[in-house]
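The values are calculated or read from the model by the stated rules, or taken from the named source; none is laboratory data. From a predicted model like this one, the values you see are computed outputs, not experimental measurements. Cβ placement follows ideal geometry from the backbone for every residue including glycine, while neighbour counts extend to all protein chains displayed. Ligands, DNA and RNA are excluded from the accessible area calculation, which covers all protein heavy atoms including side chains. Shrake-Rupley method; radii C 1.70, N 1.55, O 1.52, S 1.80 Å.
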Amino acid sequence: MQKNKFRILLVVTFAVAAGIIISTRINNTISTTAPEETTPVLQKDVPTNVNEPVAATENAVVEKNKTDVIKTQETRPSNYLKLFPECLNIQVDPTDTLKSITNKNKWMNKDPKNLIRQNLVYKSSNKELRISIIPSENSKTWTLQSFSVDDEGLPIPKNKIMGLQYHQLADNIKTEGNGASLISDEQNLLVKTPTNSGSILFINDQPVKIKLFNKSDQRLLECQGTYCLCNQALSS
Amino acid sequence: MKSLFIGLILLFSVSAQATVWDSFYTWDQQWEEKYSDWVNTSWHQYIFTDADSPYNGIPNDCADAGYAMRAIFAFENNLPFAIIDPTRNSTKPITNQMSRWDKLPAGVPRLKAFIAYLAGIVYTGSMPQDSVPVALTKEALIPGIIFVKPRVHSYQIKDWSPQGIPVTINSTTPYSVKDMHKYISFPAYIPEDMTNFSDGYRRFKRPDELYKMTSSLPGFSLEQFITSEALNFNSVDFNDFIIGRTATEKETVEVKTRRLMFNICYSSYNRASVINESTNYFYKIQNEGRSCMNAKEFDQYSTFSRDKRLKEYFVRLQQYIAQTKNFKGESFPLKAYALDIFVNDPKQYQRNRKQFLKFCTIPYDSGKILDVREVWQRLRFDLLVQNPNTTRDWRWGDYTAPFTTSCPTFEEVH
């Protein structure tokens, strides 16, 4: 009888514990995907030129190795062709992509002087390495920070080098990169004209997140994933 | 029987694998209100140093303290904590679900390790993507929001006085275990980023909001930027605008003057503390055979941003004196002191120095003290040295000769 009571107690305890664990796992689920958002797909291109470095002035702060040219799938927000003219008075063609819009409008081009942050992602022997480049407030010096990545895909801080001059970046990136293959180059940049301003996140030369403000109409256009949103700055 | 027992052990061991803390609840408006109440009543400047505080011993810097505030509340209430990973554009956030510290005892030890980890990842520049700019209304400007100037500084808003003045808590460099600073004062900066709207008063995003467009989130507003620009980025006018929106009682001239002068005294006194630490460190590296601080040390011990903020506190008082036409029609004990700060008459200093020192004494070197008038004179003539590769006397502007050094100079990144 005692034995049976003990067995029942153990089964009940087991069931309760299982219930707690299952409900905890449900409650801990965090929605990490915005509606209608896609993650850029990275593909390695066929090597064309081997070990031909790009001058730092040509392509922001990154000295790219052309064997690691990466293509990022274009995302086309469902309503950008309508909202660019409506929200910002920026004319577009029906065939325009976000990339062609940023190419055509020179003020949206990448300029290393306007870097907010650059994240370089590398892979070596199936391990991921990340290098972040952050300018100081007046963009006179740069901080370079490297991270390894754990099994959960989250960064582990490694080295942090502060006070770098622009011309020192390429060498330090190379040293921290340690021969790993670049798989992603993310550059978050400020853009500005007398009438429009904002920021654009480029991933491998593809504009992925756009935030642009029209000063005269005080309208903000934000594009991310598969749709854009236009906000009037002072609507209420 | 045996297998049941073993199964039980295994089950509990699976459940113990885990997280920094378990989150059973979800953020909603009710929890946001509780968070605001908690910041108002329980977040304070000694939370990392008080012997009785469970969070005693957590090193901090400006951005770290802001993130820690949100994390500690979430921890205490089994809520999720999540921020965008700033090191890669992904949809995998950094959260309390991390199992990296499983080997540590559950509870505060894991939390402390998590906060230390965050300190190595976040900075004031990552705060904009983890937060939403809010409107300049009483409903939006509540305890628990933060003020951010990316790559420079940040504040936590602990309270809002009936006169419409925020009570702020902020931490500073160097990254260390220390008391934070509490001011009854507006932050030393106002929203100015008309390009990217990344600064200003902001609320933390909830975990489910992290990857949505910021402009689509509840409470999003560009009002503070538009207002700041319309006021020509004048900090006195901007802060008066906020007072107009949030005050339920009028701040008398005397109370406001006392507040502004307290900020000047407190900031000057804090500068002395930082310069002491900096100079001691400078001597230490020299004893080790080095003559110059490296970039990281320079960042920790220089005072470029801090001195700008200190100067701003003086300028605000000066502008207020001008606004009130030298406190015309007012009579209160601090009136003469406030006016005297900006009188450029060194002979007068000596005449009433004793009284001034009663108001505020700043000991800055062995046997040397300054009153706030002298601090102002040295600030306005750029005699104070922000470069940490030198001694106290130079840092406090004892010499009129220009400061020179062969050590490299770096810019601050916070």
Across the stretch B:359-378, what is the total count of residues that are open to solvent by 10 Å² or more (accessible area, probe 1.4 Å) and either part of a helix (DSSP H, G or I) or at positive phi (or both)?
6
Out of all the residues in the stretch A:122-145, which are under 25 Å from residue B:149 (Cβ atoms) and not in a strand (DSSP E or B)?
A:136, A:137, A:138, A:139, A:140, A:141
Just to be sure I understand the filter: pairs with C-beta atoms under 7 Å, separated by 6 or more residues or on different chains, first member in the stretch B:395-414 and more than 28 Å from residue B:153 (Cα to Cα) and without any contact (Cβ under 8 Å) to a residue 40 or more places away in the chain, second member open to solvent by less than 60 Å² (accessible area, probe 1.4 Å) and part of a loop (DSSP other than H, G, I, E, B). Which pairs pass?
B:400/B:383
Return yes or no: is residue B:391 β-branched (Val, Ile, Thr) and touching a helix residue (DSSP H, G or I) at 6+ places or on another chain (Cβ under 6 Å)?
yes
Can you tell me which of B:190, B:242, B:169, B:226 is at negative phi and touching a strand residue (DSSP E or B) at 6+ places or on another chain (Cβ under 7 Å)?
B:169
Limited to the stretch B:89-120, what total is found for residues that are farther than 13 Å from residue A:152 by Cβ and charged (D, E, K, R)?
3
Every residue in the stretch A:146-155 that is surrounded by fewer than 15 Cβ atoms within 10 Å (Cβ to Cβ) and facing chain B (nearest Cβ under 8 Å), please.
A:150, A:152, A:153
Search the stretch B:204-232 for residues that are more than 11 Å from chain A (Cβ to nearest Cβ) and pair each with any residue that is surrounded by fewer than 19 Cβ atoms within 10 Å (Cβ to Cβ) and among the hydrophobic types (A, V, I, L, M, F, W, C) when their beta-carbon atoms are under 8 Å apart and the residues are at least 6 apart or on different chains.
B:205/B:217
Checking the condition open to solvent by 10 Å² or more (accessible area, probe 1.4 Å), free of Cβ contacts under 8 Å to residues at least 60 places away in the same chain and polar (S, T, N, Q), which residue from A:175, A:193, A:143 passes?
A:175
I'm trying to understand the selection: among the residues of the stretch B:187-213, which are surrounded by 24 or more Cβ atoms within 10 Å (Cβ to Cβ) and modelled with pLDDT under 95?
B:187, B:188, B:190
In the stretch B:161-182, the residues that are over 12 Å from the mean Cα position of the chain (by Cα) and within 15 Å of residue B:305 (Cα to Cα)
B:174
Taking the stretch A:179-190 and the residues there that are out of contact with any Asp or Glu (no Cβ under 9 Å at 6 or more places or on another chain) and open to solvent by 40 Å² or more (accessible area, probe 1.4 Å), the one that is nearest to the other protein chains (Cβ to nearest Cβ) would be A:188
Hey, among B:356, B:381, which residue is open to solvent by less than 10 Å² (accessible area, probe 1.4 Å), of a type outside the set (Ser, Thr, Tyr) and over 26 Å from the mean Cα position of the chain (by Cα)?
B:356
Of the residues A:106, A:158, A:209, A:140, which single one is basic (Lys, Arg), within 11 Å of chain B (Cβ to nearest Cβ) and within 23 Å of residue A:88 (Cα to Cα)?
A:209
Of all residues in the stretch B:282-300, which are touching a residue at least 24 places away in the same chain (Cβ under 8 Å), open to solvent by 30 Å² or more (accessible area, probe 1.4 Å) and within 24 Å of residue B:151 (Cα to Cα)?
B:292, B:300
Check on residue B:394, hydrophobic (A, V, I, L, M, F, W, C) and either under 24 Å from the mean Cα position of the chain (by Cα) or more than 15 Å from residue B:275 (Cβ to Cβ) (or both)
no
Scanning the stretch B:59-96 for residues that are within 13 Å of chain A (Cβ to nearest Cβ) and hydroxyl-bearing (Ser, Thr, Tyr), the one surrounded by the fewest Cβ atoms within 10 Å (Cβ to Cβ) turns out to be B:91
Residue under question is residue B:303, and the condition is that it be touching a Lys or Arg at 6+ places or on another chain (Cβ under 8 Å), farther than 24 Å from residue B:405 by Cβ, buried (at least 16 other Cβ atoms within 10 Å of the Cβ) and away from every other protein chain (no Cβ under 14 Å); does it hold?
no
Which numbered condition residue B:123 fails, given (1) at the interface with chain A (Cβ under 9 Å from one of its Cβ atoms); (2) over 16 Å from residue B:171 (Cβ atoms):
(2)
